[in-house]
Amino acid sequence: MFINNNLNEKKQSEMTESSQKKTPFLFKLRNSLSKVRQVLGHKIMTLCLGQQVNTDFFEKIEESLLIADFGVKTTHLIIEYLIKMTQYNRVTNTETVYTLLQEKMKNMLSKIEKPLIITSDNVPFIILIIGANGVGKTTTIGKLATKLTSEGKKVLLAGGDTFRAAGKEQLQILGESNRIPVITREYSNDAASVIFNAMHIAKKQHYDILIIDTAGRLHNKINLMNEMKKIIRVIKKIDIEAPHEAMLIIDASIGQNSLSQISSFNEFIPLTGITITKLDGTAKGGVIFTIADQFGIPVRYIGTGEDMKDIQVFKSEQFVDFIFPKLG
């Protein structure tokens, strides 16, 4: 069994390498999910080769899902589905269970596969970036701005992170290196005034998109949450429909801990999208299934590395296929 698995993996690797030049972004995405694939995909694949469909088999799958940070509730939902389907269809083949598991996961994630649509009805299109400290907000802004600029959009950045000493400088460096203008206020700690100024400039100079950076905050930081209320009031004074996208950035490496962040921010300001960063450095990618199960908020992008091009539009089928190797 193990010899065949290695041969299959070698063959699959050779095929991937041969197509690297044709689809570099897919190659990068597959590599970025390698830790999740090792902890989850390969383990379940091994379980489904030559095993019997019984209680012990499902308990091992359950354990694998929990280790990959699917969470207790979401894991039970998946296991109950597999047991129900195998009993109803009298499935005795573990390879069939493997296929059922993949189909269930694709179905779960398809509900949050909703790409960000930049409409011409709202000019400038306002994207408000929020999240806790250290999740990669500013870096994600740089990646997103670079991506949108490459698609022919005229993008402006607003440095609303006035609490972190290096926040403004980091955004300016990202903007300069990618030739994207950044609006900051040299001697002001009032984020709302910076954003107010940026919105007027964006309108006057006909920018397609304004991306607003904000300070990292948690729900228990009263001063920062009050600042966010002020920012929202200022934005709506200029455009009552803005922000057109309230995007939360979460760090995949903190796994289930990100759920409390989503809950807190979504309660304060209805989230329209999520971007998941640092997927390339963690085995806890299973949290995306919990997000789909518990919140249903669209996942717009996933971060797959440190380069400015390492941001991918989330596609549920690709995501599942790259986690689970093909049986054979």
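Laid out as a table, the results:
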item: Test for Lys104: is it more than 28 Å from His42 (Cβ to Cβ) and either at pLDDT 95 or above or touching a His at 6+ places or on another chain (Cβ under 7 Å) (or both); result: no
item: Residue within region 142-162 that is over 21 Å from the mean Cα position of the chain (by Cα) and β-branched (Val, Ile, Thr) present; result: yes
item: Some residue of region 113-130 being over 30 Å from Phe289 (Cβ atoms), crowded, with 16+ Cβ neighbours inside 10 Å and in contact with a Gly (Cβ under 9 Å, 6 or more places away or on another chain); result: no
item: Count of residues meeting criterion [β-branched (Val, Ile, Thr), assigned to a loop (DSSP other than H, G, I, E, B) and modelled with pLDDT of 90 or more] in region 176-208; result: 1
item: The listed residue being within 26 Å of Gly305 (Cβ to Cβ) and either in a helix (DSSP H, G or I) or without any contact (Cβ under 8 Å) to a residue 40 or more places away in the chain (or both), out of Lys153, Lys168; result: Lys168
item: Residues that are of a type outside the set (D, E, K, R) and at pLDDT 90 or above, drawn from region 304-321; result: Ile311, Gln312, Val313, Phe314, Ser316, Gln318, Phe319, Val320
item: Spans of helices (runs of 4 or more DSSP H) in region 209-328 with at least 2 residues basic (Lys, Arg) and surrounded by fewer than 19 Cβ atoms within 10 Å (Cβ to Cβ); result: 222-238
item: Matching option when the condition is in the same structural domain as Leu65 (by TED's automatic domain parsing) and crowded, with 20+ Cβ neighbours inside 10 Å, among Leu156, Leu144, Leu101, Leu148; result: Leu101
item: Selected residue [at pLDDT 90 or above and either closer than 18 Å to Glu317 by Cα or part of a loop (DSSP other than H, G, I, E, B) (or both)] from Ile83, Ile117; result: Ile117
item: Matching residues in region 293-325 - criterion: being of a type in the set (Gly, Ala, Ser), in contact with a Ser or Thr (Cβ under 9 Å, 6 or more places away or on another chain) and more than 18 Å from Leu40 (Cα to Cα); result: Gly303, Gly305
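Each row is one residue, and each column tells you yes or no for (1) of a type in the set (A, V, I, L, M); (2) within 29 Å of Gly303 (Cα to Cα); (3) surrounded by fewer than 16 Cβ atoms within 10 Å (Cβ to Cβ).
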position	(1), (2), (3)
Val39	yes, yes, no
Lys43	no, yes, no
Cys48	no, no, no
Phe58	no, no, no
Ile61	yes, yes, no
Ser64	no, yes, no
Ile67	yes, yes, yes
Val72	yes, yes, yes
Lys84	no, no, yes
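The values are calculated or read from the model by the stated rules, or taken from the named source; none is laboratory data. Source: prediction; values computed, not measured. Don't worry about glycine lacking a Cβ; one is built from the backbone with ideal geometry, like all the others, and counts go over all protein chains shown.
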